[in-house]
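Here is the structure we will look at.
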Amino acid sequence: MDLKKFFKDKKNIALTVLSVLLIGSFSAQGSKDHELSQAETKIEQLSREIDDTKSDLIDSQNELSDFKEENAKYIEIGKKEYQKVKAIEDEALAAVTKLENDQTQANLDAATNKVNAVTDSKVKEKLQKRIATVKTAIEAKKQQEAINAAETAVKKLESDQKRENVDDAKNKVNAVDDSAKKDAFNNRINAVVSAIDAKEAEAARQAEEARKAEAARQAQEQAAAAAQQSDATTVYITNTGRRYHLSPYCRGLNPSKSTTPTTLSNAIAAGYTRCKFE
């Protein structure tokens with residue numbers, strides 16, 4: 001085809017332009033249809049996402065409701081726990097106040113136990129300081145009582161110096177914490193113990209002397225009794241002999257001669273001597 005001739009004809013030019021416009025129109029319409037399809041797809045996707053979001057929102061609302069319910073339970077538990085803690089603190093405070101008004105060991109022990117149960121460290125520390133102040137006063141009072149008891153016991157020992165009083169005084173003095181006062185008490189006790197030892201030693205010496213004297217007396221009495229008994233012993237003599245015999249059957253006696261019984265003292269006084277066979 002000869003294009004120059006073709007485009008010289010205005011009809012051909014018009015047909016060409018119209019064809020181009022129609023082709024462009026159809027092309028634009030196809031592009032719009034494609035965009036519309038994509039938009040619809042996007043809308044469907046967004047719709048699904050909205051549904052998912054609604055479902056998540058419902059789940060979140062349910063979880064929030066459960067959380068509120070559980071939180072309410074914890075709050076109630078917390079209130080009860082607080083009330084319990086507060087009751088313990090109130091009891092501890094009351095015990096410490098009672099201790100301050102009546103400073104006894106029993107109240108000290110009770111207050112200490114109550115305060116030990118307190119969980120709040122600041123509250124516990126404050127109460128413990130108050131207890132410590134009273135405890136110091138109680139210990140000072142107890143020590144003064146111990147000193148007074150020791151003084152009484154030592155004075156009793158000094159006035160009545162017996163071993164049993166020594167033990168009592170030592171026990172009382174051992175309860176004293178003041179070392180200077182304890183040493184002074186022990187010095188007084190030791191002085192009395194030395195005196196008791198001296199008395200006991202003297203008593204033992206006198207007892208030993210008395211024992212020896214008694215033993216000597218008894219020995220003397222026994223010797224005298226033996227001598228007396230010996231003087232009264234019967235012996236046998238003859239008119240011709242110069243010996244005395246303890247037995248009438250002594251082989252020193254002549255059977256043909258008569259014997260005469262007499263006392264040993266008489267025989268000795270008459271000059272008779274003991275038979276050599278006896």
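The listed residues are Asp183, Asp177, and the only one of them that is assigned to a loop (DSSP other than H, G, I, E, B), under 44 Å from the mean Cα position of the chain (by Cα) and within 30 Å of Lys142 (Cα to Cα) turns out to be Asp177. Mind listing whichever residues of segment 123-174 are among the polar types (S, T, N, Q), under 22 Å from the mean Cα position of the chain (by Cα) and surrounded by fewer than 12 Cβ atoms within 10 Å (Cβ to Cβ)? If the condition is that a residue be among the polar types (S, T, N, Q), under 22 Å from the mean Cα position of the chain (by Cα) and surrounded by fewer than 12 Cβ atoms within 10 Å (Cβ to Cβ), then Thr136 is the only one that fits. Evaluation of Lys126 against the conditions (1) over 29 Å from Thr104 (Cα atoms); (2) at pLDDT 95 or above shows that the sole unmet condition is (1).
The values are calculated or read from the model by the stated rules, or taken from the named source; none is laboratory data. In this text, all values refer to a predicted model and were calculated from it rather than measured experimentally. All Cβ positions, glycine included, derive from the backbone under ideal geometry; neighbour counts span all protein chains shown.
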